[in-house]
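Reviewing the structure listed below.
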Amino acid sequence: MTDTAIPGVALLIDGQFVQSKTTQWRNVVNPATQQVLARVPMATSDEVAAAIAAAKAAFPAWRKTPIGARARIFLKYQQLIRDNMKSLAATLTAEQGKTLADAEGDVFRGLEVVEHAAGIGNLQLGELANNVAGGVDTYTLLQPLGVCAGITPFNFPAMIPLWMFPMAIACGNTFVLKPSEQDPMVTMQLVELALQAGIPKGVLNVVHGAADVVDALCDHPDIKAISFVGSTRVGTHVYQRASLAGKRVQCMMGAKNHAIVMPDANKEQTLNALVGASFGAAGQRCMAVSVAVLVGQARQWLPDLVAKARTLKIGAGADNLDLGPVISCTAKERIEGLIARGQQEGATLALDGRQLELPAHLRQGNFVGPTIFAGVKPGMSIYEQEIFGPVLCVAEADTLDEAIALINANPNGNGTAIFTQSGAAARKFKEDIDVGQVGVNVPIPVPVPMFSFTGSRASKLGDLGPYGKQVVLFYTQTKTITERWFDDQTTAGGVNTTISLR
Ligand code: NAD
């Protein structure tokens, strides 16, 4: 239970922002200060059913809305997001903790997907083969599925909802979104702007909650597809449960992203990239670099890496320094527990981010400073688990082959990078590495929306990724038409009892 004087985050059902009738709420908390910003309802099963029913009722008209009309809503939407960038970033920073500059980046990477959705007229195209048999043409239609649902994590509360509903809706589907219960406020601000841009009532709906609401979405027969982004544990559950209920499902999940540092790399650029990608957003990115593999002489760069990490400044996201707090007290405890485990299991703590000196007003915040472990080996908890905090594990290898083998033996496949000035080393890496998103001198290789997010192996379930060409296939059913028209006088041929088209 929470204090009823605190504003409640609304549900969106059939075009109306409504307060939940639930008795179960949780607080949305500023992770830098513990100030309670809002309370979020755990929607009742009737409310979830009402949201799905509204999306179902809106589908017949929306699926027939001309593609240009759908596209123009997203043209307007992208402008509204731009116009509100500062306010969106301020909300995001208050509830999530990342710096204001990074919050704008979070919104911006989502905005790029909205721009992509505005180009739906060039994306949702079928294929046609003329004269596949005498007088016969075959072509495909990419038709919307119906009601789709999205379930999002706390770490990108703007970008990840924007990976989902704009492309689903642009394709002609209707949508039920379940944002992270830890930071739903910026998501709701984006949803309000989407309605202002002209999304009709019932086409986009939002329910809040946790496991019960997610399970209800997985089970409901009127939901045809689910897009999930979050941890491997929950994503695996969602994939299995929703697949069993006959849905199309895509799950983008946890990671352990390795960056290989070759001794010929541009040292200053590489160290800057590693520090930024390991500690930015307090390490709470699914594409954060969490393991650096120093190859050969690059092992000697460890002291410089530590020195650079030490220069980062920590504060509230609103202070816009280098990194803010982690999302919750529980997350902080877990990260600090893993740091202690790393020491117990024999890794060398080269930089300890616990026990920070902070100004009085931030002493209650969930702060963990940049932390570096050297001598990290497979089998240690800090290597096997996704820490999801500002902790970089440093491992070593004698050769590029050894480094590649280490990465390929790790179950995750979200992202990886190599730092080198050698085209031959980079080419070998690109060819042999078994990870879905690869950077060459780029530490966080998240593809722009004309491509798709292509994490692999344990980091993903389902064949098709969010955004880009793949998501158009995910959010549509291919219907293949084989068509013949006869001239009025055509009679030739007689009965054909074979499978051949004649
Ligand atoms: P999470 O799995 O705890 O939560 C994700 C969603 O699942 C939330 O909406 C939550 O309400 C819901 N949920 C939580 N527990 C549930 C349960 N038991 N049953 C059903 N639903 C449940 O993830 P998080 O902590 O919010 O986000 C961090 C994780 O997300 C990290 O593992 C990170 O790597 C991953 N992530 C992956 C990507 C990617 O693209 N691969 C992107 C961002 C984040």
Next item on the list: Among the residues of region 78-102, write down those that are more than 24 Å from Ala168 (Cβ to Cβ) and part of a helix (DSSP H, G or I).
Entry: Lys86, Ser87, Ala89, Ala90, Thr93, Ala94, Glu95, Leu100, Ala101, Asp102
Checklist line | Matching residues in region 471-489 - criterion: being open to solvent by less than 70 Å² (accessible area, probe 1.4 Å) and farther than 30 Å from Ile151 by Cα | finding: Ile481, Glu483
Check: If we scan region 234-245, do we find a residue that is modelled with pLDDT of 95 or more, away from the ligand (no atom under 16 Å from the Cβ) and on the phi < 0 side of the Ramachandran plot?
Finding: no
Check: Which of the following residues is charged (D, E, K, R), away from the ligand (no atom under 16 Å from the Cβ), open to solvent by less than 40 Å² (accessible area, probe 1.4 Å) and modelled with pLDDT of 95 or more: Arg82, Arg70, Arg63?
Finding: Arg70
Next item on the list: Tell me, yes or no, whether region 124-146 has at least one residue that is under 20 Å from Tyr467 (Cα atoms), modelled with pLDDT of 95 or more and within 12 Å of the ligand (Cβ to nearest atom).
Entry: no
Next item on the list: Hey, can you tell me all the residues within region 44-60 that are in contact with a strand residue (DSSP E or B) (Cβ under 7 Å, 6 or more places away or on another chain) and farther than 22 Å from Leu193 by Cβ?
Entry: Glu47, Ala50, Ile52, Lys56, Phe59
Notebook entry, point to check: Among the residues of region 207-224, which ones are buried (at least 24 other Cβ atoms within 10 Å of the Cβ) and either more than 8 Å from the ligand (Cβ to nearest atom) or among the charged types (D, E, K, R) (or both)?
Noted result: Val207, His208, Leu217, Ile223
Notebook entry, point to check: If you check Lys460 against the conditions, is it of a type in the set (D, E, K, R), within 28 Å of Pro144 (Cβ to Cβ), touching a residue at least 24 places away in the same chain (Cβ under 8 Å) and within 16 Å of the ligand (Cβ to nearest atom)?
Noted result: yes
Note to self: Exactly one of these conditions fails for Thr174: (1) β-branched (Val, Ile, Thr); (2) within 16 Å of the ligand (Cβ to nearest atom); (3) over 15 Å from the mean Cα position of the chain (by Cα). Give me its number.
What the structure shows: (2)
Checklist line | Breaking point among (1) surrounded by fewer than 18 Cβ atoms within 10 Å (Cβ to Cβ); (2) assigned to a strand (DSSP E or B), for Arg299 | finding: (2)
Next item on the list: Specify which of the listed residues (Ala43, Ala58) is buried (at least 17 other Cβ atoms within 10 Å of the Cβ) and under 25 Å from the mean Cα position of the chain (by Cα).
Entry: Ala43
Next item on the list: Could you check Ile387 against (1) within 16 Å of the ligand (Cβ to nearest atom); (2) within 12 Å of His258 (Cα to Cα) and say which number it fails?
Entry: (2)
Next item on the list: Provide a single number: the residues in region 13-40 that are within 26 Å of the chain's Cα centre (by Cα) and within 13 Å of Gly209 (Cα to Cα).
Entry: 6
Next item on the list: Restricting attention to region 178-206, report how many residues are surrounded by 22 or more Cβ atoms within 10 Å (Cβ to Cβ), among the hydrophobic types (A, V, I, L, M, F, W, C) and more than 20 Å from Phe108 (Cβ to Cβ).
Entry: 4
Check: Restricting the first residue to region 64-87 and requiring it to be basic (Lys, Arg), which pairs with a second residue that is open to solvent by less than 30 Å² (accessible area, probe 1.4 Å) and assigned to a helix (DSSP H, G or I) meet a Cβ separation below 9 Å and a spacing of at least six or different chains?
Finding: Arg70/Trp62; Arg70/Ala117; Arg70/Ile120; Arg70/Ile169; Arg70/Ala170; Arg82/Leu111
Notebook entry, point to check: Could you list, in sequence order, the residues of region 432-470 that are open to solvent by 60 Å² or more (accessible area, probe 1.4 Å) and at positive phi?
Noted result: Asn441, Arg457
Notebook entry, point to check: Of the residues Leu400, Leu392, which is open to solvent by 10 Å² or more (accessible area, probe 1.4 Å), in contact (Cβ under 8 Å) with a residue 12 or more places away in the chain and in contact with a strand residue (DSSP E or B) (Cβ under 7 Å, 6 or more places away or on another chain)?
Noted result: Leu400
Margin query: Give me the strands (runs of 3 or more DSSP E) completely within region 103-181, filtered to those with at least 2 residues that are β-branched (Val, Ile, Thr) and touching a residue at least 40 places away in the same chain (Cβ under 8 Å), ordered by residue number.
Written below: 136-144, 147-151, 174-178
Notebook entry, point to check: Of all residues in region 353-382, which are surrounded by 17 or more Cβ atoms within 10 Å (Cβ to Cβ) and either acidic (Asp, Glu) or not in a loop (DSSP other than H, G, I, E, B) (or both)?
Noted result: Leu362, Thr371, Ile372, Phe373, Ala374, Ile382
Notebook entry, point to check: Can you name every residue in region 413-431 that is touching a residue at least 60 places away in the same chain (Cβ under 8 Å) and open to solvent by 30 Å² or more (accessible area, probe 1.4 Å)?
Noted result: Gln421, Ser422
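The values are calculated or read from the model by the stated rules, or taken from the named source; none is laboratory data. Note that the structure is predicted; figures quoted are calculated from it, not measured. Glycine gets a Cβ as well: all are built from the backbone with ideal geometry, and neighbour counts include every protein chain shown. These area figures cover heavy atoms from the full protein model, side chains too; ligands, DNA and RNA do not enter into them. Shrake-Rupley method; radii C 1.70, N 1.55, O 1.52, S 1.80 Å.
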